[in-house]
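Taking it in order: structure first as structure tokens, then the write-up.
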Amino acid sequence: MAASVYLETTIISYLAALPSRDLVVAAHQEITRQWWRDRRQDFDMFVSALVVREVRAGNPEAVRRRLEILEGIPSLGLTEEARALGRRLVETGAVSYAARADSLHIAVATVHGVDYLVTWNCRHIANAESRSRIVRTCHLLGYAAPILCTPEELMGE
């Protein structure tokens, strides 16, 4: 059985975006494309209705490219349990109020038992300080949080 991955919106956006002039963003885009090309087949991948809603925003041509990437990827339910966990992550300070949408990505992946949440959101999700708060809070609430990581961290050996 393959490990499961929740694709947060930044992954879809980086895959669909035109090459950036920002060197860091361009590097993230290339790493994401490499991960997509070389590793995606090793995982069962999922998104949520929140990801679908977020990729539908913006330039129509970019929306079309992002929706093409989502074709065939199952969507996990944004259940009341996930909404409640998302609220608790914010209430406890594990995720800031400003990042409450990000708490829903974490909560959906958590309540559905996903192994990895892959993101380039290193401000609110995939950074050492956030990870420890999120994992600790999920554990205290009776959940096992997914591993919060970037595609670079999930490249394998």
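Among all residues of the range 110-120, there is at least one that is within 14 Å of Thr9 (Cα to Cα) and out of contact with any strand residue (DSSP E or B) (no Cβ under 6 Å at 6 or more places or on another chain). For the range 56-70, the count of residues that are within 27 Å of Leu140 (Cα to Cα), free of Cβ contacts under 8 Å to residues at least 60 places away in the same chain and among the basic types (Lys, Arg) is zero. Taking the range 20-35 as the search range and keeping residues that are free of Cβ contacts under 8 Å to residues at least 24 places away in the same chain and either under 17 Å from the mean Cα position of the chain (by Cα) or part of a helix (DSSP H, G or I) (or both), which one is farthest from Val118 (Cα to Cα)? This residue is Leu23. Are any of the residues in the range 38-55 over 25 Å from Val25 (Cβ atoms) and among the β-branched types (Val, Ile, Thr)? Scanning the range 38-55, I find no residue that is over 25 Å from Val25 (Cβ atoms) and among the β-branched types (Val, Ile, Thr), so the answer is no. Give the range 107-136 a look and list any residue that's aliphatic (A, V, I, L, M) and touching a Pro at 6+ places or on another chain (Cβ under 8 Å), or say none. Ala109, Val114, Leu117, Val118 - these are the residues of the range 107-136 that are aliphatic (A, V, I, L, M) and touching a Pro at 6+ places or on another chain (Cβ under 8 Å). Here the condition is being in contact with a Phe, Trp or Tyr (Cβ under 7 Å, 6 or more places away or on another chain), within 30 Å of Leu140 (Cα to Cα) and of a type outside the set (Lys, Arg); of Leu104, Leu89, Leu76, Leu50, it holds for Leu76 alone.
Restricting attention to the range 1-29, which residues are surrounded by 13 or more Cβ atoms within 10 Å (Cβ to Cβ) and farther than 17 Å from Pro74 by Cβ? Those that are surrounded by 13 or more Cβ atoms within 10 Å (Cβ to Cβ) and farther than 17 Å from Pro74 by Cβ: Thr10, Ser13, Tyr14, Leu15, Ala16, Ala17, Ser20, Val25, Ala26, His28, Gln29. When the residues of the range 104-157 are filtered to those that are of a type in the set (Ser, Thr, Tyr) and part of a helix (DSSP H, G or I), the one that is farthest from Glu30 (Cα to Cα) is Thr137. Taking the listed residues Arg123, Arg53, Arg136, the one that is of a type in the set (Lys, Arg), free of Cβ contacts under 8 Å to residues at least 60 places away in the same chain and farther than 30 Å from Gln34 by Cα is Arg136, with no other qualifying. Would you confirm whether any residue within the range 77-86 is under 13 Å from the mean Cα position of the chain (by Cα) and closer than 15 Å to Tyr6 by Cα? Among the residues of the range 77-86, not one is under 13 Å from the mean Cα position of the chain (by Cα) and closer than 15 Å to Tyr6 by Cα, which makes the answer no. If you check Arg131, Arg136, Arg123 for being among the charged types (D, E, K, R) and surrounded by 15 or more Cβ atoms within 10 Å (Cβ to Cβ), only one passes: Arg131. Looking only at the range 71-102, residues that are surrounded by 14 or more Cβ atoms within 10 Å (Cβ to Cβ) and either in contact with a Lys or Arg (Cβ under 9 Å, 6 or more places away or on another chain) or assigned to a helix (DSSP H, G or I) (or both) come to 16 in all.
The numbers here are math on the coordinates, done by the rules we state, and not lab data. These numbers come from a predicted model, not from an experiment. Every residue, glycine as well, gets a Cβ built from its backbone with ideal geometry; the counts of neighbours run over all protein chains shown.
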